[in-house]
1. Taking the residues in segment 111-123 that are more than 13 Å from the ligand (Cβ to nearest atom) and of a type outside the set (A, V, I, L, M) as candidates, determine which candidate is surrounded by the most Cβ atoms within 10 Å (Cβ to Cβ).
2. Taking segment 95-110, which residues are away from the ligand (no atom under 15 Å from the Cβ) and among the aliphatic types (A, V, I, L, M)?
3. State all residues of segment 50-78 that are over 26 Å from residue 127 (Cα atoms) and either open to solvent by less than 20 Å² (accessible area, probe 1.4 Å) or within 13 Å of the ligand (Cβ to nearest atom) (or both); if no residue qualifies, say none.
4. Listed residues 2, 43; which is at pLDDT 95 or above, open to solvent by 60 Å² or more (accessible area, probe 1.4 Å) and not polar (S, T, N, Q)?
5. For residue 171, work out the one condition from (1) in contact with a Gly (Cβ under 8 Å, 6 or more places away or on another chain); (2) open to solvent by less than 60 Å² (accessible area, probe 1.4 Å) it doesn't fulfil.
6. How many of the residues in segment 41-71 are closer than 27 Å to residue 104 by Cβ and either in contact with a helix residue (DSSP H, G or I) (Cβ under 8 Å, 6 or more places away or on another chain) or among the aliphatic types (A, V, I, L, M) (or both)?
7. Scanning segment 179-209 for residues that are of a type in the set (Ser, Thr, Tyr), in a helix (DSSP H, G or I) and within 16 Å of the ligand (Cβ to nearest atom), which turns out least open to solvent (accessible area, probe 1.4 Å)?
8. Take the residues of segment 124-145 that are within 10 Å of the ligand (Cβ to nearest atom) and of a type in the set (A, V, I, L, M, F, W, C): which is nearest to the chain's Cα centre (by Cα)?
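The values are calculated or read from the model by the stated rules, or taken from the named source; none is laboratory data. Just so we're clear, the structure is a prediction, and the values are computed from it rather than from any experiment. Backbone-built Cβ (ideal geometry, glycine too); neighbour counts: all protein chains shown. Just so you know, the surface numbers come from the protein's heavy atoms only, side chains and all, with ligands and any DNA or RNA stripped out. Shrake-Rupley method; radii C 1.70, N 1.55, O 1.52, S 1.80 Å.
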Amino acid sequence: MKTFREPKKLQKWCRERKLEGRKIALVPTMGYLHEGHVSLIEKARRMGADEIVVSVFVNPVQFGPNEDYAKYPRDARADYAKCRAAGATAVFFPTPENMYLDRHSVYVNEEDLSKGLCGARRPGHFRGVCTVVAKLFNLAHPDFAVFGQKDYQQAQVIKRMVRDLNFDLKIVVAPIVREPSGLARSSRNTYLSADGRERALAISRSLKGIRIGRTARAESARIRRELEAAGLVVDYVEFVDGETLEPAKTARKGVTALVAAYCGRTRLIDNRVL
Ligand code: PAF
């Protein structure tokens with residue numbers, strides 16, 4: 001497995017592989033890899049990629065000033081081993097300095113799908129995500145890139161960016177990977193205490209309990225109650241059209257239910273495509 005730190009070196013290597021006709025998959029991550037990430041690498045392998053490039057980069061631009069950028073968990077050694085074991089052929093570990101050169105001044109803004117949900121609570125977040133992902137696309141020349149459904153809004157925003165900016169690649173969205181308890185796998189789960197983990201289960205449980213055909217209002221209220229009863233602080237509970245992310249009136253097929261809630265100081269997200 002190749003390791004790159006310099007954007008230019010990754011770009012050169014990928015360009016050469018592409019000229020040889022090799023099919024390149026990109027799996028963008030912020031590291032501290034867990035089984036969810038591994039499933040993205042495996043998905044790329046099953047889809048017939050000849051080269052699987054995993055980027056490991058805690059992107060400072062997508063964190064707000066009061067968010068967890070500094071304490072976001074990092075473990076490059078373990079990430080390297082997991083990438084290798086999962087079948088990645090290259091890992092990219094850039095530094096903030098070589099991704100964002102002095103006086104970096106160009107950003108990518110998606111202005112529709114990023115407005116609500118996490119975009120409304122985390123100003124600038126999707127601008128940071130779109131910017132870094134666009135850069136990674138330009139560096140890795142992927143035929144396709146794999147993202148996790150856990151970040152549902154992110155996947156929709158990136159699909160829109162690809163469409164609107166004519167990136168020549170396909171976005172693949174892989175299903176949420178859960179712990180046996182139901183908790184959606186996330187690098188941020190490492191912040192949770194044993195008690196927090198227990199309480200956080202209310203998120204997946206309440207999503208699982210959605211009854212098709214009921215009004216979004218009734219189901220949102222029920223989910224809220226269940227989260228609050230578990231001692232979580234609700235950031236949002238929303239039912240939206242799975243593509244436009246516009247509010248939906250009914251819990252029905254084509255709708256996605258999304259939750260963001262705080263368990264202590266840890267912000268957790270989860271969703272269910274109905
Ligand atoms: O989903 C993530 O881990 C990040 O938002 C991404 C896509 C790697 C961009 O930094």
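1. Applying the filter and picking the extreme gives 116.
2. Scanning segment 95-110 gives 101, 106.
3. Answer for segment 50-78, where residues must be over 26 Å from residue 127 (Cα atoms) and either open to solvent by less than 20 Å² (accessible area, probe 1.4 Å) or within 13 Å of the ligand (Cβ to nearest atom) (or both): just 51.
4. 2
5. Just one mismatch for residue 171, condition (1).
6. Going through segment 41-71 one residue at a time, the tally reaches 15.
7. 187
8. It comes out as 129.
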